[in-house]
Amino acid sequence: MFEGGKDLYGNWIDLSAGGFFTSGRKGQFQQRQRSRSGAFGGIEELCVQVSWRLASGEIAKNVLTPRSATGPSFKNLMIGSGKVWGKPESAVLKILPIPEVTHAILLRFALPNRREAFRASLQKLDIRFPLIANLQAADLSEWIGPENLGEAFLGLVHWGKAECLAPYLQMIRGLAESRQGVWQEFHDGDALPHLQEIVRDAAVAEWRETRIAEGFEDQQKLLKILSR
């Protein structure tokens, strides 16, 4: 159920912001990155129920209620709290249908600042991709030539209904080309899963780097407050 790992905080239930790995200061992270809750909602929306082992040894579980129910949300309080209030034991997540089509896009920019300007434009317009990451030329040898080695690369992956996705991607392509980006799109064949895997791995690496850079400062501050 959880990613686990050797880290003290090794899963999305501990610390998360719409699929991003963070240090727990979710509001600051979302404001800085201009991220909301991810393309399909954050882990708070995707998680239906959680159970938590409290310091006393008791197991606490949120009660399923309508979204309009009043009162504090135990689930939202615990998700993103790290292990401050206890240890996550289990979670029930929503299952989404398999998408009709998947598109992977490789964008090339002559300069890194043009790539970053394009990413900033996506964030400003609140355009979100399930997977987006800067890519390295060394991982793209089957799609680029020696003349492209000095360029900056960006990978995008999106999926959904074909009739909805096509005009959406056409709009994004126009935005990319306004930033002098070269657009390569893959929606079938052997290249699609390979490029999708490269973008996924790079996106996870970006999220982990952000999490490491932020550290656990907020958790330490909270623990100091609680210990007073």
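Since every read-out is calculated from the coordinates, none of them should be taken as a lab result. Keep in mind the model is a prediction, meaning the values are calculated, not measured. Every residue, glycine as well, gets a Cβ built from its backbone with ideal geometry; the counts of neighbours run over all protein chains shown.
If the chain linking Ser56 and Glu89 were pulled fully straight, counting 0.36 nm for each residue of separation and taking away their Cα-Cα distance, it would gain 10.5 nm. When the pairs Lys94/Lys124; Lys75/Lys124; Lys94/Lys161; Lys61/Lys94; Lys61/Lys83 are compared against a 26 Å limit on Cα-Cα distance, Lys94/Lys124; Lys75/Lys124 fall above it. With a Förster radius of 30 Å applied to the C-beta separation of Asn76 and Arg208, the computed FRET efficiency comes to 0.80. Each other residue within a Cβ distance under 11 Å of Ile105 adds +1 if Lys or Arg and -1 if Asp or Glu, for a net charge of +1.
Peptide packing for 186-194, 130-138, 169-177, 54-62 was compared via the average number of neighbouring C-beta atoms within 10 Å per residue; ordered from the highest value, the list is 130-138, 169-177, 186-194, 54-62. Label positions at Ile98 and Glu142, each projected 7 Å from the Cα along the C-beta direction, are separated by 2.2 nm.
Separation of segment 161-185 from segment 82-96 is 36 Å, based on Cα centroids.
From most to least packed by mean Cβ count within 10 Å, the peptides 197-208, 102-113 give 102-113, 197-208. In this Cβ point-charge picture (+1 for Lys and Arg, -1 for Asp and Glu), segment 101-211 has a dipole of about 520 debye about its Cα centre.
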